[in-house]
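Worksheet: one structure, shown below.
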Amino acid sequence: MDTVLKPNNKKLFLSFSRKLFLSVISLFLVFAVSFITYQYQREKEYKVELLDMQLQNYNSRLHQKLQEIPDSTRNIMLHKYIAKYVNNDLRVTIVDLQGNVLFDSYQSDNKELKNHLKRPEVQTALKEGKGFDVRRTSETTGTPYFYSATVYDGYIIRSALPYDVNLIKNLSADPHYIWFTVIISLLLIFTFYKLTSKLGTSISQLREFAKRADKNEPIEMDIQTAFPHNELGEISQHIIQIYKRLRETKEALYIEREKLITHLQTSHEGLGVFTRNKKEILVNNLFTQYSNLISDSNLQTTEEIFSILEFQNITDFISKTQQRPADKEEKRMSININKNGRIFIVECIIFQDLSFEISINDITQEEQQIQLKRQLTQNVAHELKTPVSSIQGYLETIVNNDHIPHDKMKIFLERCYAQSNRLSRLLRDISVLTRMDEAANMIDMEKVDISILVTTIVNEVSLELEEKHITVINSLKPQIQLRGNYSLLYSIFRNLMDNAIAYAGTDIHIHINCFREDENFYYFSFSDTGIGVSPEHLSRLFERFYRVDKGRSRKLGGTGLGLAIVKNSVLIHGGTISAKNNQGGGVEFVFTLARGK
């Protein structure tokens, strides 16, 4: 028996193909047995009817003979006729319509025979004109006979054959059709077995596929050979192909989902996605952090934001939109929240299924940048106004005065030239800062030797150093190399040098040193022994256009952007910078520069 042991169950069960095979074969066998029985019975009845017809024929011939025989010699002549023309085993009986026996071929004395009116064949003959009884034991002879009776005018002729072996054999059905039916049935059973086996193979493979699919396991079967080439096999192949495509799509969606989740978790905005019932679907860390900042408390669940007063407008908007989902109004709303010195922009977007997304962005820095840019614009306008006004005033004096002395005109023109140089330096510094702000990642990097660069700068300003009796102590060791932008590195040391020359005073020392290095950074010190800076100004030295002494700075031609350029250049090179007053006087700038790779 083809049985399979069910996992975790000791009961045996038949496979679907076996159940189908046994069910259909059972029905087929019932049909076959019924057909054989019916056919056997029909053939037997046919032979009985055939034998009855033969006996009826005997009766008819005997009736014709009786018409020719006188009544006085009837019995003698009938015996002779039967002995001569009829089968010796045939028993002939003549009965009147009241059942009285008039003649019996097996008895010479008819008076000893009982009345035959109650005999089944006689009763049938009286009703239908003829009748038979297949097997009945004669009360006269004690022998079983096959009887056939026919009604004629005034009497009944009954013929009977002994129910012996020969008669039984003649009345039996032909067994050849039974063997034929059995052989055909076996062939059909074998054919159906093969068909159900193929069907069972497909169903077993589909069952294995269903188990793997239910456990979300990969399908590794070869669908071209795993299934038979029939309609069910083709359907099974299509189902598995559809499943594989769905699985590939699911995996692709899962990957995209992981990408989205990773992106949301690393995003610079707080993002929360909720169901229409305000249940959390996905929330990143910044959303939780910003929600806590706005609420002034640590929320136990993100759904608690809908009870925060600052989110009331968003909550009302969500409720209103969900109550009227068919409205064609834009399902988007944003509000600004000022809390604890920070500015947040909160935006809500409602989707078609009435789920929604809330994003929170901290725009404090952006607002500060806007404010700084506004101040920068005002400062730039103010700084540009001074040299332009000076140049315009000197030139206007020269143009409107035809008799101005030559030496005075020369002084005015020299002052115009100095102001134009200042204007040029200002525009140059603004351009450098703008380039660093907007395209810091696009600045070309190369290997730069700081020792050589500083030596070059010292040589370039040697005349100015001599005029102010300034001594530069360059303690940099040879071959301090790092990867950076030459122009920006040059601007760091040149602006620090120019700043010291301009504001530190005369008869001072400038000390340049690399006091430490590790595998990632060089640590530099740029100090002077000059007049120093008041402590309240130290933290603002690197602001754009910030001056300790505004009048003196403009008089000396400074743009107010030098140290801002220094700071930005240091930041671009991965470092930091700070300023402090030396104990012995003067200012010291300490900064780091990344070595680069």
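The values are calculated or read from the model by the stated rules, or taken from the named source; none is laboratory data. In this text the structure is predicted, and so the values were computed from the model without any measurement. Ideal geometry is used to build each Cβ from the backbone, glycine not excepted, and the neighbour counts take in all protein chains shown.
Summary of computed values
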read-out: Number of positions in segment 75-90 that are surrounded by 15 or more Cβ atoms within 10 Å (Cβ to Cβ) and modelled with pLDDT under 75; value: 1
read-out: Filter pass, GLN419 being closer than 30 Å to THR288 by Cβ and either modelled with pLDDT of 60 or more or not in a helix (DSSP H, G or I) (or both); value: no
read-out: Checking LEU186 against (1) under 30 Å from ARG42 (Cα atoms); (2) at pLDDT below 75; (3) assigned to a helix (DSSP H, G or I), the condition it does not meet; value: (2)
read-out: Every residue from segment 295-315 that is under 35 Å from the mean Cα position of the chain (by Cα), of a type outside the set (S, T, N, Q) and closer than 17 Å to ILE345 by Cα; value: ILE305, PHE306, PHE311, ILE314
read-out: Residues that are surrounded by fewer than 18 Cβ atoms within 10 Å (Cβ to Cβ) and either over 20 Å from THR529 (Cβ atoms) or modelled with pLDDT under 90 (or both), drawn from segment 469-489; value: LYS477, PRO478, GLN479, GLN481, ARG483, TYR486, SER487
read-out: Segment 578-597 - residue that is out of contact with any Ser or Thr (no Cβ under 8 Å at 6 or more places or on another chain) and assigned to a strand (DSSP E or B) and, of those, surrounded by the most Cβ atoms within 10 Å (Cβ to Cβ); value: LEU593
read-out: Inter-residue pairs, beta-carbon under 6 Å, first under 13 Å from PHE35 (Cα atoms) and in segment 171-194, second of a type outside the set (Val, Ile, Thr) and not in a loop (DSSP other than H, G, I, E, B), 6+ apart; value: SER185/ALA32
read-out: Residue that is modelled with the highest pLDDT, among those in segment 251-277 that are of a type in the set (Gly, Ala, Ser) and more than 23 Å from THR321 (Cβ to Cβ); value: ALA252
read-out: Qualifying positions in segment 520-574 - polar (S, T, N, Q) and either under 17 Å from MET497 (Cβ atoms) or modelled with pLDDT of 75 or more (or both); value: ASN520, SER525, SER527, THR529, SER534, SER553, THR559, ASN568, SER569
read-out: Any hit, segment 298-308, residues being surrounded by 14 or more Cβ atoms within 10 Å (Cβ to Cβ), in contact with a Leu (Cβ under 6 Å, 6 or more places away or on another chain), in a helix (DSSP H, G or I) and in contact (Cβ under 8 Å) with a residue 24 or more places away in the chain; value: no
read-out: Residue match in segment 454-464 (condition: at pLDDT below 90, crowded, with 19+ Cβ neighbours inside 10 Å and among the small types (Gly, Ala, Ser)); value: no
read-out: Inter-residue pairs, beta-carbon under 9 Å, first under 10 Å from THR302 (Cα atoms) and in segment 276-287, second part of a helix (DSSP H, G or I) and among the aromatic types (Phe, Trp, Tyr), 6+ apart; value: LYS278/PHE306
read-out: Unmet criterion (only one of (1) surrounded by 11 or more Cβ atoms within 10 Å (Cβ to Cβ); (2) more than 17 Å from ILE350 (Cβ to Cβ); (3) in contact (Cβ under 8 Å) with a residue 24 or more places away in the chain) for ILE261; value: (3)
read-out: Residue match in segment 243-258 (condition: exposed (fewer than 15 other Cβ atoms within 10 Å of the Cβ), out of contact with any Lys or Arg (no Cβ under 6 Å at 6 or more places or on another chain), hydroxyl-bearing (Ser, Thr, Tyr) and under 30 Å from ARG212 (Cβ atoms)); value: yes
read-out: Residue ID - surrounded by the fewest Cβ atoms within 10 Å (Cβ to Cβ), chosen from residues in segment 99-154 that are part of a strand (DSSP E or B) and of a type in the set (D, E, K, R); value: ARG135
read-out: Filter pass, PHE526 being touching a residue at least 12 places away in the same chain (Cβ under 8 Å), in a strand (DSSP E or B) and under 17 Å from ALA564 (Cα atoms); value: yes
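Residue by residue, here is whether (1) basic (Lys, Arg); (2) touching a Ser or Thr at 6+ places or on another chain (Cβ under 8 Å); (3) in a helix (DSSP H, G or I); (4) modelled with pLDDT of 80 or more holds:
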| site | (1), (2), (3), (4) |
| --- | --- |
| PHE21 | no, yes, yes, no |
| ILE25 | no, no, yes, yes |
| LEU29 | no, yes, yes, yes |
| VAL33 | no, no, yes, yes |
| LEU51 | no, yes, yes, yes |
